[in-house]
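Data block below; observations after.
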């Protein structure tokens, strides 16, 4: 693959694919987080403590991507996103196992979307993120040319990504304020929801 990237046109295509991948991932995660906020504020569905941690993990994935757009692509930034995707998978799997057999105080929280509840969706989302990064590494490899690239080399996608990054930061701030209003500075609980009996 590195021989292919020695060609200027292939290198430009690889850089464009890399940033298009990052932008697409941030766009999808921003959409998921927006939907979660709409369900919370539009339909009055308070998130449970583990749901809040899943949101935090998704914001963490976006943080790694935002850093790649701000400072240039690096595998450290990709590592941040992968670490938070793994955290999302662990938290979502734990909640799914806790709630897999509905019983009083342990039902899934919130409405099902397409027949699937949020913890199971979070498992699917985390697996998609991890798989997408693996496929990106297979296709683009670990070329040093990618780490030397900057989003500013692609002005259109870089500008749109910066706006999207600001939107994700705004979502994060709204989420932080709503968590403080819901939980204060104490442990976060949702009425009627218990992790352990």
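Summary table
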quantity: Length-normalised contact order for the stretch 2-183 - Cα pairs under 8 Å, 6+ apart - percent; calculated: 30
quantity: Shape box of the stretch 1-94 [Cα atoms, principal axes, largest first, Å]; calculated: 54, 25, 22
quantity: Burial ranking of peptide ranges 133-139, 18-24 (average Cβ count within 10 Å, highest at the top); calculated: 18-24, 133-139
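Just so you know, all these numbers are worked out from the coordinates, no wet-lab data involved. Because the structure is a prediction, the values reported are computed rather than measured. When we count neighbours, we look across all protein chains shown, and the Cβ atoms used for this are built from the backbone with ideal geometry, even at glycine.
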